[in-house]
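All remarks here apply to the structure that follows.
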Amino acid sequence: MSEDQMPTDYEIVEQFMIDAREIVDELEYNEDLSRAQEIKIMFNAYGDDDELGESMDKNIETYYMFVHKDSLNDGFVFPEHETFRGTIIHHLEEVRIPVIYNVEEDYWDINILDDFEESGLDEEQLSNILQELYKRYYE
């Protein structure tokens with residue numbers, strides 16, 4: 001990639017996910033793994049392997065990356081999530097990006113377009129936030 005070429009939004013999310021995954025020895029449910037204070041990356045669960053009929057397949061890891069509409073504001077720190085019976089209560093001002101990591105194949109499945117309805121963000125705004133955060137942390 002040339003210096004003036006910005007990575008895609010998917011590549012940016014993948015880079016943040018790779019960094020988050022590198023800092024932990026053991027994944028804990030709902031723990032914030034992000035090195036960037038403006039976003040939140042949380043481990044959700046190990047996956048199910050339908051072919052083998054196994055649950056808690058440690059070769060499949062599921063995460064959520066949360067991006068807040070105010071993530072680019074100076075000094076912004078991503079707010080804590082409340083939980084109810086162990087489930088995260090989603091902030092209305094954020095987009096939740098589901099991410100699945102296949103450990104065995106070293107493959108990230110990222111679904112950026114999953115959750116725009118109530119966030120106050122649209123696809124273009126989210127893209128701008130991701131690109132600006134990439135510049136802050138990786139350029």
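The values are calculated or read from the model by the stated rules, or taken from the named source; none is laboratory data. All figures in this text were calculated on a predicted structure; none of them were measured in a lab. Note that we place each Cβ from the backbone using ideal geometry, even for glycine, and neighbour counts take in every protein chain shown. For the accessible areas, the whole protein counts, side chains as well, though only heavy atoms, and no ligand, DNA or RNA atoms are used. Shrake-Rupley method; radii C 1.70, N 1.55, O 1.52, S 1.80 Å.
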Mind sorting out which of (1) 44, 40, 28; (2) 78, 33, 23; (3) 41, 34, 28 is the real Cα extents along the principal axes in Å computed from the coordinates?
(1)
Longest segment of the chain with no chymotrypsin sites (Phe, Trp or Tyr not before Pro) in a DSSP loop having at most 15 other Cβ atoms within 10 Å?
30-75
Sulfur and carbon atoms: percent of accessible area, the chain [1.4 Å]
41 percent
Which angle from 0 to 90°, rounded to the nearest 10, does the C-alpha axis of helix 123-138 make with the longest principal axis of the chain?
90 degrees
